[in-house]
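Scroll down for the structure; my scribbles are underneath it.
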Amino acid sequence: MWTFCDVGQMILENSTAGLENRLPVFDVADFRKLLALAIVRHDLRFQFVEYEGIRRLFSYLNPTTKTILHNTSKSDVVKMYEREKENLKFLLGSISSRICLTFDCWSSITSDRYITLTAHYVDDNWVLKKKLLNFCFMPPPHSGVHLSDHVCSLLKE
């Protein structure tokens, strides 16, 4: 924790560039984006933000931070998903090469069936790239016609 002798020392500090603000800038929007990314990356529950230890940590980092509820963290993750989905649509729309689509189906231990849809393309630097477009549960029946309809609905999404 920082200890300051007086208000002037707390606000300003000498540096080679002159006087600068010494206090870190806390951007709530960036904090919430980073929190949503951590929840997704580490497969955390949305309720993670409501744990007492995490709330104390957030309060320590910035005492003015408002309490984040699990509904807020869920909303932030959904917004991140929508933002990344739009970025992916833009990226795939701007590719100058052709796009090859592949899908894969498999069954879990509990006999649930899943499908993934992947786009493969060569970028402008001749590097093969692949992007996962969709991963979802595939209800029965698992006939060729149903599979074709399911892949088409995934592409429309």
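The values are calculated or read from the model by the stated rules, or taken from the named source; none is laboratory data. Remember, predicted model here, so these are calculated numbers, not experimental data. For neighbour counting, all protein chains shown are included, and Cβ atoms are generated from backbone atoms with ideal geometry for every residue, glycine included. With ligands, DNA and RNA removed, areas are computed over all heavy atoms of the protein, side chains included. Shrake-Rupley method; radii C 1.70, N 1.55, O 1.52, S 1.80 Å.
If you check 121, 114 for being out of contact with any Phe, Trp or Tyr (no Cβ under 9 Å at 6 or more places or on another chain), open to solvent by less than 80 Å² (accessible area, probe 1.4 Å) and in a strand (DSSP E or B), only one passes: 121. With respect to (1) assigned to a strand (DSSP E or B); (2) within 17 Å of the chain's Cα centre (by Cα); (3) surrounded by 11 or more Cβ atoms within 10 Å (Cβ to Cβ), the lone exception for residue 88 is condition (1).
If you filter the stretch 133-157 down to residues that are in a strand (DSSP E or B) and out of contact with any helix residue (DSSP H, G or I) (no Cβ under 9 Å at 6 or more places or on another chain), you find that the one that is surrounded by the fewest Cβ atoms within 10 Å (Cβ to Cβ) is 137. Checking the structure you have, find out if any residue of the stretch 36-50 is open to solvent by 80 Å² or more (accessible area, probe 1.4 Å), part of a helix (DSSP H, G or I), among the aliphatic types (A, V, I, L, M) and modelled with pLDDT of 90 or more. No: zero hits.
When you check residue 100 against the structure, is it under 19 Å from residue 155 (Cα atoms), without any contact (Cβ under 8 Å) to a residue 24 or more places away in the chain, surrounded by 13 or more Cβ atoms within 10 Å (Cβ to Cβ) and not polar (S, T, N, Q), yes or no? Criteria not met by residue 100.
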